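Below you will find the structure I want to go over with you.
The values are calculated or read from the model by the stated rules, or taken from the named source; none is laboratory data. Computed from a prediction, not measured in an experiment: that's the story for all the values here. Cβ placement follows ideal geometry from the backbone for every residue including glycine, while neighbour counts extend to all protein chains displayed. Ligands, DNA and RNA are excluded from the accessible area calculation, which covers all protein heavy atoms including side chains. Shrake-Rupley method; radii C 1.70, N 1.55, O 1.52, S 1.80 Å.
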Amino acid sequence: AICADSLRAPTPKRAIATRGGGAFARSRARGCAHAHGCAGLPDRRRPNLAICAAVEASGTSRLHSKWAVSAMWRLPAAAALTVVLRLHCAAGQIYSFEALPVPTNRTLHTLYAFYVFSYEDAPEKKAQPFVKFSGFSASPAAGASIDNFKGYEGLQLSIMRYRDFWSLIDPHRFCSVQNDVSLGLAEKPDQLLLQKQADQTFKDVDVYMHVVRFSDAPAKDVRETIVHTGVYVLVFSNCGTLSDATVSGSIIVKNSYGFLPGNEYHKLPFYGWLLVVYVGLAVVWMLLSIRWWKELFMIQNCIAMVIFLGLLECFLWFVFYSDWNSSGTRGKFVFVLAILFTVVKATFSYMLVLVASLGWGVTRPYLDNDVIVKIQVLSLVYIVLDFIRETVLSFRHSHSLSVVFVLLCLLPVSLLSGGIFSWVFTALSNLIETLKERRQFEKLLLFQRLWKILIAALVMATFTLLFQIFNFSRSITARWRYQWLITDGISHGLFLFVLIAMMWLWKPNKYSQRVAYSTQVPSTDDKEAAEQPGAIWADEDALDDGDDNESFWATTKGSSSLSTEPRRGGEVIGNKAAE
């Protein structure tokens, strides 16, 4: 849909259209080279549409059933970068034309998708939804006089409902001729021809059209109320004979509640409530940490960091959607920052579960250098791939990225996540066996519970992923209202489930050190120990095998009288008896 091949396409006048009712295609029309965010039509993430449909000079064209795979299909990183760089022309519900070359003569382009609630269906009813054609004007090529083109009315911008596109547009003949005017099917020749009844107006078929005229100054704004809910496609048509010109202006679409697209609206209150939840978790964890600060160890500090990252992530997304709703444009800096925190939080959380499963801070004080290097490389690769995935998913609906392309961007992250989970479960299984051998039952119970929690989360995530892949193949008109729940709601819900479970397992308390790693304090000889009575820490492995009395007495320096107090992972303090 961000058609890299068409950006370099040569100039044949014919287009390559769709395969029957689905997927995507590549245009050979030169006009497509100038279409910002040229879309193969609405689908984020069909009856489908050609990226650009071109008509020969006679007013007819042939549709070819053909697959074409763009270069970006093979380069998801380049595609994600391109999507971000295109923010300047398509910012939310405002699509700007900045000296955009017009389509090839007698062609039409589909550029963008708007998601609109009618006033009756809107979740918040503040004003009537509308589309505004603002400040449009056309300019001829350098050296040509604008006076020669002031009567040209072949350039038209339209938005129409996606589900009605193929019923309104005949791909073989969508430019009007004089005979259509005589039959009452069109107002003028060389304009966009819709398949409607002669007595129906454009508004009757949910089409909002604007003629772009050549002028020295921008035309007055034209505003029309949108009546029905739906996905609306932005169509740029040129049914005249002119090809060498540019167009400037903006199309503004606003819902009843603000500028947020209908498929993004529910994320605003969702992240607001999620922010409240994270604030609550942060307060609870902070109070427990202050109460038992002497008993804290590294995993508990890492959990605090995860909560902090989640809080910042929700705050940034809430600010981003609030600003977008009020201004109509995506804040680039906040958008990139929010995605970055989302990716970093996910990566940090994965690595936390991994190092805990490897026994860090429980059965070993540190990890081997080669393991640390592997984790660092894994984290870096995951951050890059997940950043690409999050960026592509953010633009999939508006720029109509194809299902194949989206799945290609999802596949590396999914495979990498599967590899991480495999490593986690392997390490966790080994750790559980080690704890069984050492008879450290308190730690064993904790990690067995963690195993069950991760299994439950993995099962739910797998079903969600399978449903999401199935959902990708459905028409966007059937799923755009609840798409946010699958892409954002369920994933955050699963993350919160695992986070709260880990907070419960590792909550700070007076017995926290029982699950922490500790070592035997080195000592000199029995005589020195006798001269300096006090607490001597026993090795946890020796104590866990405490059925060996001889080992126990040797560990505690053979003291004749002992008072024991359970502390720090089952260790015992041996106090020399007073004589």
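Suppose accessible area is computed on protein heavy atoms with a 1.4 Å probe; arrange Arg213, Arg223 from highest to lowest.
Details: Arg213 115, Arg223 145 Å².
So, going from the largest accessible area down, we get Arg223, Arg213.
Given the options Leu183, Ser167, Ala198, identify the residue whose Cα lies farthest towards the positive end of the charge dipole of segment 163-268 (+1 on Cβ of Lys, Arg; -1 on Cβ of Asp, Glu).
Checked the options; the winner is Ser167.
Taking the Cβ of Trp504 as the centre, find all other residues whose Cβ is under 13 Å away and add up their charges (Lys, Arg: +1; Asp, Glu: -1).
Surrounding charge for Trp504 is +3.
What is the sum of charges, Lys and Arg at +1 and Asp and Glu at -1, for the other residues whose Cβ falls under 13 Å from the Cβ of Gly328?
Charge balance near Gly328 sits at +1.
I've got another one for you. Size of the dipole of segment 248-332 about the Cα centre, Lys and Arg at +1 and Asp and Glu at -1 on the beta carbon, nothing else charged, in debye to 20?
60 debye
Shape call for segment 111-177 from the C-alpha gyration tensor, a ≥ b ≥ c root eigenvalues: rounded (a/c under 1.5), prolate (a/b greater than b/c) or oblate?
Oblate shape, in that a/c is at least 1.5 and b/c is the bigger or equal ratio.
Which value, in Å², gives the accessible area per residue of segment 114-260 when a 1.4 Å probe is used on the protein heavy atoms?
I get 43 Å² per residue for segment 114-260.
If I model a spin label as a point 7 Å beyond the Cα along the Cα-Cβ vector, how far apart are those points for Ile146 and Thr225 in nm?
Label at Ile146, label at Thr225, 3.4 nm between them.
Can you find, among Leu358, Tyr382, Val406, the residue farthest towards the positive end of the dipole of segment 350-447? Put +1 on the C-beta of Lys and Arg, -1 on that of Asp and Glu.
Leu358
Using a cut-off of 14 Å between beta-carbons, work out the net charge of the residues near Trp293 (Lys and Arg +1, Asp and Glu -1, Trp293 not included).
Net charge around Trp293: +3.
May I pose another question? Round to the nearest 0.05 the FRET efficiency obtained for Leu415 and Leu340 when R0 = 22 Å and r is the Cβ-Cβ distance.
That pair, Leu415 with Leu340, gives E of 0.50.
Which far-off residues, 5 or more places away or on another chain, put their amide H under 5 Å from the one on Val362, with H placed in the peptide plane?
Tyr517
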